[in-house]
Amino acid sequence: MRQISVRGPIVSDDEKWIYDWFEMACTTPGEFIGALQEADGDDIQVIINSVGGYVTQAAEIYEAIRSYKGNITGKVIGQACSCASFIACAMYCEISPIGEIFIHNCSGGVEGDYRAMQQAKDALLQTNDNIILAYQEKTGLPKEQLQRMMDKNTTLSAREAVEMGFVDKISENSNYEGKIDEYGMVASAVSGMLPISNLSEQKRAVLAAVAQGLPLQVGVNNLKKKKEDSMGKLSDFLASNPDAKSEYQALIENEKKNAREEGVKEERARMEAIDQIASNIAVDAVNDAKYSNPVNASELALSALKDGMFRQRESSETDNPDVPKENNTVVENSKDGIISKMAQDYADSNVKDLQSPAANPMSGVKAVSCVDDMSAKMGASISRYL
């Protein structure tokens, strides 16, 4: 049997991002309906532990449950408050012995003159009637009794919820696979919900706070401040929020430590890479690349090739018994000389094949002119890239 959770506030799909940002549980109709579609007729158990939320979003979930083609049951493991209570009424539902059902009138806000207020009142009463219809279908209780219960903000224990028909049975055990959230007593339909009055403005405020390096634990209320406040000096904010200041300082110190360790690691790797090619490059150029004008090994190699700073191979023709051997190595400063040497090395690597009658008919004296020809061609080819 699959399990789908209704946990935390019930909000719109457009607002889910901010609950995810703060790692807060929430339920959206899009996510819930998507899970139903994925189940594709399999048996489902809906786990409910929610403080409620937006009526219209809960209504989508309510109707999706009623329309599901497979077998679907519910279990209240903590609370089914506000609009989560009529979600529980959409199906056969059990309740934990310590579970609760909380019902009350819907609420909302509006601005305007007396006509706007009257329209808002009519809308609230109509929504109440719609909710009562869901309760009546499940419980069979008269409308007047249900309205009185909602007027009083009624909390029902598990036993009372079963006796009055809001749920069908007190569960004997639980096979719930997740973790039960611990919510405090609720006082209104929006308890536990983030106070989002303008989503786009809220999103900008969150991004602005992150750009300033503010801790995420600052809270939504701080992020709802006016633009001039949220974009004020970081020092002013930290001065008025000691906990945030301590967290911010700890974060900075940790980042410094990580940066130092990463810097040491990268510098060690740079030095080791230069050491691997240092024997082929002039000593002064190597030291300059290491200390005076730091570059990496690939940059040093390219510079050495372009500027003629590669060391020539030691030769017996240059040996001088009166000079220490390590000083016999000379630095070739001619680009043409480097090109010629690279071409000759390439040609020399093939000379054995050229001189072997079994491998090549051009052997003996012809091999010498062939090597010279290869050197010239290689030199011309290499020079195009320098």
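The values are calculated or read from the model by the stated rules, or taken from the named source; none is laboratory data. Fair warning: this is a prediction, and the values are worked out from it, not measured in the lab. Cβ sites come from the backbone with ideal geometry, for glycine too, and all protein chains shown count toward neighbours. The protein model used for the area step is the full one, side chains on, heavy atoms only, and it has no ligands, DNA or RNA in it. Shrake-Rupley method; radii C 1.70, N 1.55, O 1.52, S 1.80 Å.
What do you reckon, is Tyr62 under 26 Å from Leu133 (Cβ atoms) and aromatic (Phe, Trp, Tyr)? The answer is yes for Tyr62. Per this entry, Glu63 is counted among residues that are at pLDDT 95 or above, under 22 Å from Asp14 (Cα atoms) and open to solvent by 20 Å² or more (accessible area, probe 1.4 Å).
Checked against (1) in contact with a strand residue (DSSP E or B) (Cβ under 8 Å, 6 or more places away or on another chain); (2) at pLDDT below 95; (3) surrounded by 13 or more Cβ atoms within 10 Å (Cβ to Cβ); (4) on the phi < 0 side of the Ramachandran plot, Gly70 passes all but a single condition, namely (3).
Every test in (1) open to solvent by 90 Å² or more (accessible area, probe 1.4 Å); (2) at pLDDT below 70 is passed by Thr329 save one, and that test is (1).
All conditions but one from (1) small (Gly, Ala, Ser); (2) within 17 Å of Cys89 (Cα to Cα); (3) open to solvent by less than 10 Å² (accessible area, probe 1.4 Å) apply to Ser5; the one that does not is (3).
Looking at this structure, is Ile101 modelled with pLDDT of 95 or more, open to solvent by less than 20 Å² (accessible area, probe 1.4 Å) and under 30 Å from Glu38 (Cβ atoms)? When the stated conditions are applied, Ile101 passes them.
For every residue, the table says whether it meets (1) at pLDDT 95 or above; (2) within 35 Å of the chain's Cα centre (by Cα).
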{"position": "Ser85", "(1), (2)": "yes, yes"}
{"position": "Cys89", "(1), (2)": "yes, no"}
{"position": "Glu94", "(1), (2)": "yes, no"}
{"position": "Gln118", "(1), (2)": "no, no"}
{"position": "Lys121", "(1), (2)": "no, no"}
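In region 284-307, the residues that are outside any helix (DSSP H, G or I) reach residues that are not small (Gly, Ala, Ser) with C-beta atoms within less than 6 angstrom, at least six apart or across chains, in these pairs: Asn296/Arg270.
If you go through region 113-126 and pick out every residue that is open to solvent by 40 Å² or more (accessible area, probe 1.4 Å) and under 30 Å from Ile65 (Cα atoms), you end up with 6. For region 27-34, the count of residues that are outside any helix (DSSP H, G or I) and either out of contact with any strand residue (DSSP E or B) (no Cβ under 7 Å at 6 or more places or on another chain) or more than 15 Å from Met91 (Cβ to Cβ) (or both) is nonzero.
Looking only at helices (runs of 4 or more DSSP H) that fall completely inside region 76-178, which ones have 2 or more residues that are without any contact (Cβ under 8 Å) to a residue 60 or more places away in the chain and either more than 23 Å from Ile47 (Cα to Cα) or in contact with a Pro (Cβ under 6 Å, 6 or more places away or on another chain) (or both)? Passing ranges, in order: 114-139, 143-151. Among the residues of region 42-53, is there at least one that is in contact with a Pro (Cβ under 7 Å, 6 or more places away or on another chain), more than 25 Å from Met164 (Cβ to Cβ), outside any strand (DSSP E or B) and open to solvent by 10 Å² or more (accessible area, probe 1.4 Å)? The answer is no, given that none of the residues of region 42-53 is in contact with a Pro (Cβ under 7 Å, 6 or more places away or on another chain), more than 25 Å from Met164 (Cβ to Cβ), outside any strand (DSSP E or B) and open to solvent by 10 Å² or more (accessible area, probe 1.4 Å).
The set of residues from region 14-41 being open to solvent by less than 40 Å² (accessible area, probe 1.4 Å) and of a type outside the set (Gly, Ala, Ser) comprises Glu15, Ile18, Tyr19, Cys26, Thr27, Thr28, Pro29, Phe32, Leu36.
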